[in-house]
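Q: Once you've had a glance at the structure underneath, I'll fire off some questions.
The values are calculated or read from the model by the stated rules, or taken from the named source; none is laboratory data. From a predicted model like this one, the values you see are computed outputs, not experimental measurements. Methodologically, a virtual Cβ is constructed for each residue, glycine included, from the backbone with ideal geometry; neighbour enumeration extends over all protein chains shown.
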């Protein structure tokens, strides 16, 4: 047990010495509106907004605002704040869409990178926090 605890302390110290945030710091960062603006929104803009923002809301889904994500589209809410496993957005970017209507996103393109998927998952797990001005259409 002491070896494991010492290993965790050493790993955390190495991350801090390298200037990398610890896991706890990364989780805390995801609860800030800036995390959405700097990390999540660029992923959505690049991969999702063409069909799910602005004038287009395929499947009845608009990903431009938090309220719209919570309302969802024809298949229900896009995000369940705090629960990435129940969030349709996470399922479809993982290419784990519903069995009765597989809708892997983005369609006809490769799956998002593991890093991008992890960023979106982290944001959803932290409560899907967005800045107040992002809530306006």
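Q: Being more than 17 Å from residue 54 (Cβ to Cβ) and in a loop (DSSP other than H, G, I, E, B) is the filter here, so list the residues in region 72-82 that pass it.
A: At the first step, the residues of region 72-82 found to be more than 17 Å from residue 54 (Cβ to Cβ) are 72, 74-77, 79-82.
Correct list: 72, 74, 75, 77, 79, 80, 81, 82.
Q: On to the next question. Could you tell me whether any residue of region 83-94 is within 19 Å of residue 123 (Cα to Cα), at pLDDT 95 or above, part of a loop (DSSP other than H, G, I, E, B) and out of contact with any strand residue (DSSP E or B) (no Cβ under 7 Å at 6 or more places or on another chain)?
A: Yes: one or more hits.
Q: In the list 24, 59, which residue meets the criterion of being at pLDDT below 95, under 22 Å from residue 124 (Cα atoms) and in contact with a strand residue (DSSP E or B) (Cβ under 8 Å, 6 or more places away or on another chain)? Can you show your working first?
A: Working: 24 fails: in contact with a strand residue (DSSP E or B) (Cβ under 8 Å, 6 or more places away or on another chain).
Sole residue among the options that is at pLDDT below 95, under 22 Å from residue 124 (Cα atoms) and in contact with a strand residue (DSSP E or B) (Cβ under 8 Å, 6 or more places away or on another chain): 59.
Q: Could you tell me whether residue 69 is under 20 Å from residue 125 (Cα atoms), in a helix (DSSP H, G or I) and either over 11 Å from the mean Cα position of the chain (by Cα) or touching a residue at least 40 places away in the same chain (Cβ under 8 Å) (or both)?
A: On the way: under 20 Å from residue 125 (Cα atoms): yes; in a helix (DSSP H, G or I): yes; either over 11 Å from the mean Cα position of the chain (by Cα) or touching a residue at least 40 places away in the same chain (Cβ under 8 Å) (or both): yes.
Spelling it out, residue 69 is indeed under 20 Å from residue 125 (Cα atoms), in a helix (DSSP H, G or I) and either over 11 Å from the mean Cα position of the chain (by Cα) or touching a residue at least 40 places away in the same chain (Cβ under 8 Å) (or both).
Q: Filter region 31-61 down to the residues that are in a loop (DSSP other than H, G, I, E, B) and without any contact (Cβ under 8 Å) to a residue 60 or more places away in the chain, then identify the one that is farthest from residue 119 (Cα to Cα). Reasoning before the result, please.
A: The first filter runs over region 31-61 and keeps only residues in a loop (DSSP other than H, G, I, E, B), leaving 31-32, 48, 54-55, 61.
Filter once more, so that each one left must be without any contact (Cβ under 8 Å) to a residue 60 or more places away in the chain: 48, 54-55, 61.
Numbers: 48: 15, 54: 23, 55: 26, 61: 21 Å.
So the residue we want is 55.
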